[in-house]
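Engineer: Below is one structure. I have some questions about it.
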Amino acid sequence: MSEALANLLNETRQFPPPAALAAQANVTADAYDEAGADRLAFWERQAGRLAWARPWDEVLDWSNPPFAKWFVGGQLNVAYNCLDRHVEAGNGDRVAIHWEGEPGDTRTLTYADLHRLTCQAANALTDLGVVAGDRVAIYLPMIPEAAVAMLACARIGATHSVVFGGFSADALSNRISDASAKVVITADGGYRRGKPSALKPTVDEAVANCPSIEHVLVVRRTGEEVAWSAKDHWWHEAVEAASAEHVAQPFDAEHPLFILYTSGTTARPKGILHTTGGYLTQAAWTAHAVFDLKPETDVYWCTADIGWVTGHSYIVYGPLANGATQVMYEGTPDTPHKGRFWEIVDKYKVSILYTAPTLIRTMMKWGDDIPAGFDLSSLRLLGSVGEPINPEAWMWYRQHVGRGELPIVDTWWQTETGAIMISPLPGVTATKPGSAMTPLPGVVADVVDDQGQSVPNGGGGYLVLREPWPSMLRTIWGDDNRFIETYWSRFEGMYFAGDGAKKDDDGHIWLLGRVDDVMLVSGHNISTTEVESALVSHPSVAEAAVVGATDPTTGQAIVAFAIPRGTTDISGEAGERLITELRNHVAKTLGPIAKPRQIMLVPELPKTRSGKIMRRLLRDVAENRSLGDVTTLQDSSVMELISSGLSGGK
Ligand code: 6R9
């Protein structure tokens with residue numbers, strides 16, 4: 001892949017870690033050597049950072065690949081590790097969550113508070129008949145009860161399945177049915193874009209088609225009127241009346257902790273199954289290593305939603321296992337104003353910020369003066385996740401949020417990997433804008449060609465993982481065959497991630513987007529990411545999405561959708577001129593083969609709730625088809641906006 005365009009990303013800037021951070025870093029370069037010398041011993045040491053009720057007999061059982069067992073025979077309780085042990089160590093008064101509601105209401109929960117609420121919720125779920133091994137669906141806004149609900153399930157060994165609060169009744173009922181969940185935990189609603197947004201009616205509609213659901217537990221958040229049925233219980237009655245005494249029982253290291261559905265582009269969602277010991281080991285260690293998390297002094301903020309794997313591993317399990325203090329925010333970044341994120345950083349003195357490229361590009365579009373209006377001097381480390389980050393967006397993040405000096409960790413991972421796999425270490429790695437750099441210690445990643453042969457430096461191909469890792473998915477819920485087919489059949493003995501990637505001349509890894517999105521133009525493989533980065537490097541473009549559309553002469557042709565920056569004039573001839581200029585700019589940056597056939601200037605792009613561009617829908621537009629499934633869109637009106645506001649050109 002991308003052989004023809006091997007020199008596309010001729011990005012040469014490189015930034016060494018700040019000396020002060022490097023001198024105090026949680027993890028040093030030795031970790032690579034240690035893991036390289038003995039990978040299993042390395043992971044065994046990281047597992048030792050947790051509290052186990054029974055030690056393991058064997059680190060890894062890989063006798064029946066691809067079905068892995070980590071820390072075989074070990075027993076632990078995840079909620080005990082995230083809560084009780086910090087309280088027992090005398091840190092009960094430490095703030096676990098500074099919560100900020102969208103309307104500006106706030107709550108502060110210490111570790112002791114979070115522990116008490118989780119014990120009560122565990123007792124309430126037990127009273128509703130939930131036992132270890134049962135599945136519980138969670139459909140909540142970003143309120144502390146979301147974390148409590150997850151931890152309460154973990155505490156009693158129930159497997160949670162969190163479903164995005166923005167998903168439709170159909171999406172929710174499919175996920176509930178697939179896992180035969182017994183209980184769903186929801187709220188009357190949450191706040192989005194300045195007003196209450198109801199959830200309970202969607203749950204009512206979903207539950208009507210889900211005979212497995214016995215009870216619905218409802219948090220009161222907005223206070224809006226809701227319909228009530230015999231299955232419904234108010235959280236504040238059931239949980240707050242329950243005893244705060246609860247002794248956490250240990251569970252087997254391979255006990256199912258959660259199922260999380262990946263939306264997939266076309267097919268049925270896949271219920272990715274994660275288990276207990278290996279998952280918590282890697283989530284906890286990566287939070288410690290990649291974010292250099294110092295629980296006594298840092299204020300950490302991950303802006304993800306709890307319904308995304310990032311919310312699972314880097315809001316709930318990773319940070320809490322480390323005893324960190326964090327910010328949790330309910331709402332959107334532009335409510336009530338476009339500086340809301342920076343206001344929150346300023347208010348809580350956030351020191352570590354973990355967000356997504358889509359957010360960074362949106363902030364770029366809104367203008368440099370917005371972050372400049374706030375005191376961001378508390379920040380010391382920045383992170384990115386979810387999509388390849390274009391070099392221009394990376395530089396903007398460093399310049400306008402990171403004072404031109406903070407390290408950026410671009411973290412590559414997936415729902416399936418459970419935890420960060422490829423990323424700089426902030427005290428070690430000299431970073432390059434746009435590259436996730438190197439596999440973390442204990443992770444064996446590679447880029448291979450069609451035949452599964454490792455490509456040399458400078459080559460491109462498919463990202464694979466060559467060795468099992470502790471937080472790997474164990475299967476697709478109820479479908480072992482699909483697990484094998486999807487991930488383990490493309491290349492013998494390797495995990496196929498589905499992402500295109502490239503090794504640069506130093507062997508550093510650059511992610512090029514999903515393999516399904518790669519375009520084949522006149523026999524050349526061209527990555528959407530590279531063309532998008534070229535467009536974003538033009539001063540008039542804030543965001544871009546690129547797709548391959550069927551073309552009678554070239555097989556596929558490149559069609560680009562670009563959002564102009566704030567003040568750019570795109571009316572009439574000015575728009576046409578800009579389009580011509582952009583096409584030439586791409587050709588000049590990447591070579592004539594990558595020149596888009598067509599560029600459309602649009603006000604918005606279709607994105608999932610986790611901020612990924614849904615290129616599938618843009619392909620429908622580019623090929624004049626009616627739109628496919630739009631239920632996982634963050635904002636379903638976007639497609640109308642795009643279709644009506646099209647300003648195209650050839
Ligand atoms: C954590 C998460 C996984 C897919 C993954 C890849 C893309 C995530 C990335 C990245 C380039 C990064 N992705 N992080 N691409 N650089 N730093 O996003 O999980 O929602 O399952 O998505 O996201 O394409 O395969 P998930």
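The values are calculated or read from the model by the stated rules, or taken from the named source; none is laboratory data. None of the values given here were measured: they were computed from a predicted structure. Glycine also receives a Cβ, built like all others from the backbone with ideal geometry; neighbour counts cover every protein chain displayed. Note: accessible area is taken over every heavy atom of the protein model, side chains too, but ligands, DNA and RNA are not part of it. Shrake-Rupley method; radii C 1.70, N 1.55, O 1.52, S 1.80 Å.
Engineer: May I ask what percent, to the nearest 5, of DSSP beta bridges between residues of the chain are antiparallel?
Structural biologist: 60 percent
Engineer: Test of the criteria: in the range 370-425, which GluC sites (Glu not before Pro) are in a DSSP loop and have at most 12 other Cβ atoms within 10 angstrom of their Cβ?
Structural biologist: Working: sites: E392, E405, E416; in loops: E405, E416.
Here the sparse-neighbourhood loop sites are E405.
Engineer: Under 5 Å between amide hydrogens, which residues at least 5 positions from W234 or on another chain qualify, with H placed 1.01 Å from N in the peptide plane?
Structural biologist: Under 5 Å from the amide H of W234: V218.
Engineer: Can you give me the angle between helix 572-590 and the longest principal axis of the chain, using Cα atoms only, in degrees from 0 to 90, rounded to the nearest 10?
Structural biologist: 80 degrees
Engineer: On to the next question. Below 8 Å, C-alpha to C-alpha, sequence gap of six or more: please give me the relative contact order for the chain in percent.
Structural biologist: 13 percent
Engineer: Sort the range 140-278 into rounded, prolate or oblate with this rule: let a ≥ b ≥ c be the square roots of the eigenvalues of the Cα gyration tensor; rounded if a/c is under 1.5, and if a/c is not under 1.5, prolate when a/b is larger than b/c, oblate otherwise.
Structural biologist: Judged from the Cα gyration tensor, the range 140-278 comes out oblate (a/c at least 1.5, b/c at or above a/b).
Engineer: Which value, in debye to the nearest 20, gives the size of the charge dipole of the range 508-622 about its Cα centre, when Lys and Arg are +1 and Asp and Glu are -1 at the Cβ?
Structural biologist: 240 debye
Engineer: Any idea of M639's accessible area? Nearest 10 Å², probe 1.4 Å.
Structural biologist: Counting only protein heavy atoms, the figure is 10 Å².
Engineer: Can you find, among L320, T429, L114, the residue sitting farthest towards the positive end of the charge dipole of the chain, where Lys and Arg contribute +1 and Asp and Glu -1 at Cβ?
Structural biologist: Ranked along the dipole, the leading option is T429.
Engineer: Something else now. Please compute the alpha carbon radius of gyration of the chain, then divide it by the globular-protein estimate 2.2 N^0.38 Å. Two decimals is fine.
Structural biologist: So the chain has a normalised radius of gyration of 0.92.
Engineer: Once you put a point 7 Å from the Cα of R577 and another 7 Å from the Cα of K195, both along the Cβ direction, what distance in nm separates them?
Structural biologist: Placing both labels 7 Å beyond Cα along the Cβ direction yields 4.1 nm.
Engineer: With an 8 Å Cα cut-off and a minimum separation of 6 or more residues, compute the relative contact order for the range 106-195 in percent.
Structural biologist: 36 percent.
Engineer: Sticking with this structure for a sec: Rank S161, S63, S540 by accessible area, highest first, at a 1.4 Å probe radius?
Structural biologist: Numbers: S161 5, S63 100, S540 25 Å².
Sorted descending by solvent-accessible area, the residues read S63, S540, S161.
Engineer: If you don't mind, there's one more thing I want to ask. Going by a ≥ b ≥ c, the root eigenvalues of the Cα gyration tensor, does the range 88-130 fall in the rounded group (a/c under 1.5), the prolate group (a/b larger than b/c) or the oblate group?
Structural biologist: Here the range 88-130 falls in the oblate category.
Engineer: Between A244 and Q399, take the C-beta separation as r, use R0 = 51 Å, and let me know the FRET efficiency to the nearest 0.05.
Structural biologist: E(calc), rounded to 0.05, equals 0.60.
Engineer: Residues in the range 101-130 near a label at D93, defined as backbone nitrogen under 18 Å from the 7 Å Cα→Cβ point?
Structural biologist: 108-116
Engineer: If you stretched the chain out fully between E214 and D479, how much longer would it get, using 0.36 nm times the residue separation minus the C-alpha to C-alpha distance?
Structural biologist: Roughly 92.9 nm would be gained on extension.
Engineer: Can you grab the distance from the C-alpha centre of the range 188-219 to the C-alpha centre of the range 279-334, Å, no decimals?
Structural biologist: 26 Å
Engineer: My understanding is that a pair violates if its Cα-Cα distance is over 31 Å; which of K432/K607; K69/K432; K195/K365 do that in this structure?
Structural biologist: Long pairs (Cα-Cα over 31 Å): K69/K432.
Engineer: Okay, moving on. Where a Cα-Cα gap under 23 Å defines reach, which lysines qualify for K349, not counting those fewer than 8 residues away within the same chain?
Structural biologist: Those lysines meeting the cut-off are K294, K338.
Engineer: At a Förster distance of 45 Å, what's the computed FRET efficiency of A587 paired with R49, Cβ-Cβ distance as r, to 0.05?
Structural biologist: 0.30
Engineer: For E254, what is the net charge nearby, where nearby means another residue's Cβ is under 14 Å from its Cβ and Lys, Arg count +1, Asp, Glu -1?
Structural biologist: For residues surrounding E254, the net value is -1.
Engineer: Please list 3J(HN,Hα) in residue order for the range 392-401, calculated via the Karplus relation 6.51 cos²θ - 1.76 cosθ + 1.60 where θ = phi - 60°; whole Hz, with x for glycine and proline.
Structural biologist: Listing the rounded values in order: 5, 5, 4, 5, 4, 4, 5, 6, 9, 10 Hz.
Engineer: I would also like to ask the following. Assign one of three labels to the range 491-575, namely rounded, prolate or oblate, based on the Cα gyration tensor with a ≥ b ≥ c the square roots of its eigenvalues; rounded applies when a/c is under 1.5, prolate when it is not and a/b is larger than b/c, and oblate otherwise.
Structural biologist: oblate
Engineer: Also: Just order 505-515, 523-533 by mean Cβ neighbour count inside 10 Å, highest at the front, would you? Don't skip to the end; give the middle numbers.
Structural biologist: Numbers: 505-515: 19.7, 523-533: 23.9.
Result, highest mean Cβ count within 10 Å first: 523-533, 505-515.
Engineer: Continuing with this model, one more query. Do any trypsin sites (Lys or Arg not before Pro) in the range 399-502 lie in a DSSP loop with no more than 13 other beta carbon atoms within 10 Å, and if so, which? Intermediate values should be presented prior to the final figure.
Structural biologist: On the way: sites: R403, R466, R474, R482, R490, K502; in loops: R403, R466, R474, R490.
Loop-located and lightly packed - R403.
Engineer: For the chain, what is the charge dipole size about the Cα centre, in debye to the nearest 20, if Lys and Arg each add +1 at the Cβ and Asp and Glu each add -1 at the Cβ? Please report the intermediate quantities before stating the final value.
Structural biologist: Values: 55 positive and 78 negative charges, 147 e Å.
Magnitude of the dipole: close to 700 debye.
Engineer: Another question, if that's okay. Using a Förster radius of 22 Å, what is the FRET efficiency between E224 and T106 based on their Cβ-Cβ separation? Nearest 0.05, please.
Structural biologist: 0.60
Engineer: Going by amide H atoms built from the backbone, whose H comes under 5 Å of the H on T431, apart from near neighbours?
Structural biologist: F15
Engineer: Follow-up question, since we're still on this one. Provide the net charge surrounding E543, with neighbours chosen by a C-beta distance below 14 Å and charges set as Lys +1, Arg +1, Asp -1, Glu -1.
Structural biologist: Details: positive: R361, K365, R565, K607, K612, R615; negative: E387, E392, E532, E604.
So the environment of E543 carries a net charge of +2.
Engineer: Place a +1 charge on the Cβ of each Lys and Arg in the range 444-489 and a -1 charge on the Cβ of each Asp and Glu, then give the dipole magnitude about the Cα centre in debye, rounded to the nearest 20.
Structural biologist: Magnitude of the dipole: close to 140 debye.
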